[in-house]
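The values are calculated or read from the model by the stated rules, or taken from the named source; none is laboratory data. Quick caveat: nothing in here was measured; it's all calculated off a predicted structure. Methodologically, a virtual Cβ is constructed for each residue, glycine included, from the backbone with ideal geometry; neighbour enumeration extends over all protein chains shown.
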Amino acid sequence: MDRAALADFLRRHRETLHPEDVGLPPGARRRAPGLRREEVAQLAAMSTDYYTRLEQRRGPQPSDQMLASLARALRLTADERDYLYRVAGHNTPDRFSGGAHVSPALLRVLDRLEDTPALVLSNLGETLVQNRMAEALFGDRSGYSGLARSEFYRWFTDPDNARSQYPEEDRARQSRAQVASLRDAYGALGPRSRAGELVRALLAESPEFAELWERHEVARRFEDHKTLIHPELGAIELDCQALFTEDQSQCLLVLTAPPRTEAAEKLALLSVLGTQSFSGTTTGGRTTP
């Protein structure tokens, strides 16, 4: 680990960014250029003290997870991300293995989406980053680890939770779509990749997956329209738009509703509610005691 190089690299990139570059409000007039240390720490989901010690050349060696968070917070390119890993004393991640580094171009678009759910997904079905509205709609997906980071894996190994947001009549089609997407990633990444690891685990754990895998269906797209079940607001019909990176390894998924529709009203209410729950249960989007 080259503490001096790491500290200088972090500081230089922090100073080149403005709050609006990363989706933060401009705030009061600043005495120093760039982002504040506490803003980078907030974006990277770490303590300000931890980040400050890294810039002051006295911090511990960051983990892979911390480095991925810093690369995302500082909007680093893939080359810059690799340099960050090297000076921190780590091997650089494989760029084609469905890693957690988010394309800065997708992040710039995501930063500007405040009133509609949007999230960045890897080609392994992992939620890499989600905005406030997506967290309110889907819940916080950042706490998963290991194979469970992949929605493909959760869909077949934890169906009670993973499928609860889809109408029952739509779940069979969703199962086929999940398998077809994973086969597309498997074909691109190969059997020795993390996609191959997912396939082997699912073949061993899920007879349903094994049966669908034998169909050899391949697809890499999202439905243009879908219905999601929110635990408080009920069914919400949404239109889906997917923006892929050039190498197809990541996509920005944006969910919208036509103006002046019931779904648009529910999204507006969701924006107000955030992740909090009503005290009672809901029926048709209305709260009952």
Failed condition for K266, given (1) surrounded by fewer than 16 Cβ atoms within 10 Å (Cβ to Cβ); (2) basic (K, R); (3) touching a residue at least 12 places away in the same chain (Cβ under 8 Å), with all others met?
(1)
What pairs come out if I take residues in region 96-108 that are part of a helix (DSSP H, G or I) and pair them with residues that are basic (K, R) and at pLDDT 80 or above whose C-beta lies under 8 Å away, six or more apart or interchain?
P104/R75; L107/R72; L107/R75; R108/R75
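Looking for whichever is under 21 Å from the mean Cα position of the chain (by Cα) and part of a loop (DSSP other than H, G, I, E, B) here; the options are S175, S181, S164. Which one fits?
Numbers: S175 fails: part of a loop (DSSP other than H, G, I, E, B); S181 fails: part of a loop (DSSP other than H, G, I, E, B).
Just a single option satisfies the conditions, and that option is S164.
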When A242 is evaluated against the numbered criteria (1) under 30 Å from L273 (Cα atoms); (2) over 18 Å from the mean Cα position of the chain (by Cα); (3) surrounded by fewer than 18 Cβ atoms within 10 Å (Cβ to Cβ), which criterion, by number, is the only one it fails?
(2)
Identify the single condition in (1) buried (at least 16 other Cβ atoms within 10 Å of the Cβ); (2) touching a Ser or Thr at 6+ places or on another chain (Cβ under 7 Å); (3) over 12 Å from H101 (Cβ atoms) that D82 does not satisfy, given that it satisfies every other one.
(3)
Candidate set from region 12-34 (those that are within 25 Å of the chain's Cα centre (by Cα), at pLDDT 80 or above and in a loop (DSSP other than H, G, I, E, B)); member that is surrounded by the most Cβ atoms within 10 Å (Cβ to Cβ):
L17
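Just checking, which of L124, L113, L137, L147 is of a type outside the set (K, R) and touching a His at 6+ places or on another chain (Cβ under 7 Å)?
Details: L124 fails: touching a His at 6+ places or on another chain (Cβ under 7 Å); L113 fails: touching a His at 6+ places or on another chain (Cβ under 7 Å); L147 fails: touching a His at 6+ places or on another chain (Cβ under 7 Å).
Unique residue meeting the criteria: L137.
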Residue within region 63-78 that is without any contact (Cβ under 8 Å) to a residue 40 or more places away in the chain, touching a helix residue (DSSP H, G or I) at 6+ places or on another chain (Cβ under 6 Å) and farther than 25 Å from A242 by Cα present:
yes
So which residues in region 129-150 are surrounded by 17 or more Cβ atoms within 10 Å (Cβ to Cβ) and among the acidic types (D, E)?
E135
Among the residues of region 35-79 satisfying the criterion of being crowded, with 21+ Cβ neighbours inside 10 Å and more than 19 Å from the chain's Cα centre (by Cα), which is farthest from T92 (Cα to Cα)?
L35
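Filtering region 245-261 down to residues that are modelled with pLDDT of 85 or more and surrounded by 15 or more Cβ atoms within 10 Å (Cβ to Cβ), which residue is farthest from L119 (Cα to Cα)?
Our first condition is that a residue be modelled with pLDDT of 85 or more; within region 245-261, this holds for 250-261.
Filter once more, keeping what is surrounded by 15 or more Cβ atoms within 10 Å (Cβ to Cβ): 250-257.
On the way: Q250: 10, C251: 8, L252: 6, L253: 5, V254: 7, L255: 9, T256: 12, A257: 16 Å.
Among residues in region 245-261 that are modelled with pLDDT of 85 or more and surrounded by 15 or more Cβ atoms within 10 Å (Cβ to Cβ), the one farthest from L119 (Cα to Cα) is A257.
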For region 86-96, name all the residues that are surrounded by 14 or more Cβ atoms within 10 Å (Cβ to Cβ) and either over 21 Å from the mean Cα position of the chain (by Cα) or assigned by TED's automatic domain parsing to the domain that holds A45 (or both).
R86, V87, A88, H90
Every residue in region 264-279 that is over 22 Å from the mean Cα position of the chain (by Cα), part of a helix (DSSP H, G or I) and at pLDDT below 85, please.
none
